[in-house]
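The values are calculated or read from the model by the stated rules, or taken from the named source; none is laboratory data. Owing to the predicted nature of the structure, the values given are computational and were not obtained by experimental measurement. Virtual Cβ from ideal backbone geometry, glycine too; neighbours counted across all protein chains shown.
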Amino acid sequence: MSRFSSKKSRPYILEPYQRGGRNRFSCPNCKRKKSFTRYIRVDTREYIHETVGRCDKEKRCGYHRPPSEYYNLQGISSPTINYSIIKIKSDKNLTPSYIPSQYFSDSLRRRYPNYFSQYLLDTFKTVKARVKKVLEDYRIGNTNHFKGGTVFWQIDGSNRIRTGKIMLYNPATGKRVKDRYARINWMHSVLNIPDFNLSQVYFGTHLLKRNSNATVGLVESEKTAIIAAIAIPEIFWLATGGINNINQERNQCLVNRSVILVPDADATEDWKNREHLFNMCKSVRTSSFIELHTSPKDKIEGIDLADIIIENHKAK
Ligand SMILES: [Zn+2]
């Protein structure tokens, strides 16, 4: 039994995303537009206050004021929540849309080799066969949307393609290309499929059915999941794709699993605050691996498991 097995419903949640980002606001801290998600009451769906929410620029801004902090600051106690009037969100009933398989198969052809795979094959020269197997298992795709672009397909447990995240990496350093603007896009946006109902799953979800007993490692970035899968193959590595993507619905694929959470060094606290979302797992623990092996400087820079694996690999 997990020590995070409290079944008590949360009184406040971050407001779910609405199409076009119309319920995303300017951040009270960094002032960036449409980057601020406000907390709402689960019963009346009312906002708490315009300063109560979370900025999605986690690394650059990091502003997060939960309702409890707000009520403390005001010196008032939190209002009582009427759990009997909580409505099930109606959009949960929408069926997810899928990406037509021809785009998926097309990306697996090697016409435009992606820089991320090149980087991995260069970095892990001594275990090339292993790298190739991992790239194949995760169905890493190529795209010329950006020259050398990688597609991280999100494939669900029934092998349906929910979407693909397109990112560009520098082939020499393995870092994301972000000069002037971040090279990131989504297959459902690029293909411009009408009325597409996006329903994301964790990257790597399709692999879980291969072994129902294997421990699952959850990390933030797709790159980290791939590198961890090369170095630590006995664990099934999944990526959330972003710190705010952890939710109970996506966690359904983890029912009755043993799960290790391996957040980036600068996000450990944040993940600890979300451990209650893993109630359905057999056991959950937050890895101390990152905390044990990093300096305060690393923590500020937000290094992750992939950085540690690559550092160790180079040192060999
Ligand atoms: Zn901000």
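The conditions of being buried (at least 18 other Cβ atoms within 10 Å of the Cβ), modelled with pLDDT of 85 or more and under 17 Å from the mean Cα position of the chain (by Cα) are met by K223. Number of residues in region 128-156 that are in contact (Cβ under 8 Å) with a residue 60 or more places away in the chain and surrounded by fewer than 16 Cβ atoms within 10 Å (Cβ to Cβ): the value is 1.
Of the residues contained in region 18-41, none is found to be farther than 30 Å from D195 by Cβ, modelled with pLDDT under 90 and within 11 Å of the ligand (Cβ to nearest atom). Any residue at all in region 250-272 that is surrounded by fewer than 17 Cβ atoms within 10 Å (Cβ to Cβ), modelled with pLDDT under 95 and within 14 Å of the chain's Cα centre (by Cα)? The answer is no; no qualifying residue exists. Taking the criterion of being in contact with a strand residue (DSSP E or B) (Cβ under 6 Å, 6 or more places away or on another chain) and under 16 Å from R130 (Cα atoms), the residues of region 208-233 that qualify are A225, A228, A229. Of the residues making up region 24-46, those that are under 23 Å from the mean Cα position of the chain (by Cα) and in a loop (DSSP other than H, G, I, E, B) are R24, S26, C27, C30, R32, K33, K34, S35. Taking every residue in region 11-24 that is surrounded by 12 or more Cβ atoms within 10 Å (Cβ to Cβ) and pairing it with any residue that is at pLDDT below 80 and not in a loop (DSSP other than H, G, I, E, B), at least 6 positions away or on another chain, the pairs with Cβ-Cβ distances below 8 Å are P16/D91. Take the conditions within 26 Å of V201 (Cβ to Cβ), modelled with pLDDT under 80, more than 16 Å from the ligand (Cβ to nearest atom) and of a type in the set (S, T, Y) and apply them to S84. Does it pass? So S84 fails the test.
Confirm whether I48 is more than 16 Å from the ligand (Cβ to nearest atom), at pLDDT below 95 and either in the same structural domain as K165 (by TED's automatic domain parsing) or in contact with a helix residue (DSSP H, G or I) (Cβ under 7 Å, 6 or more places away or on another chain) (or both). So I48 passes the test. Evaluate region 287-297: report whether one residue or more is in a helix (DSSP H, G or I), at pLDDT 90 or above and not small (G, A, S). No, every residue in region 287-297 fails to be in a helix (DSSP H, G or I), at pLDDT 90 or above and not small (G, A, S).
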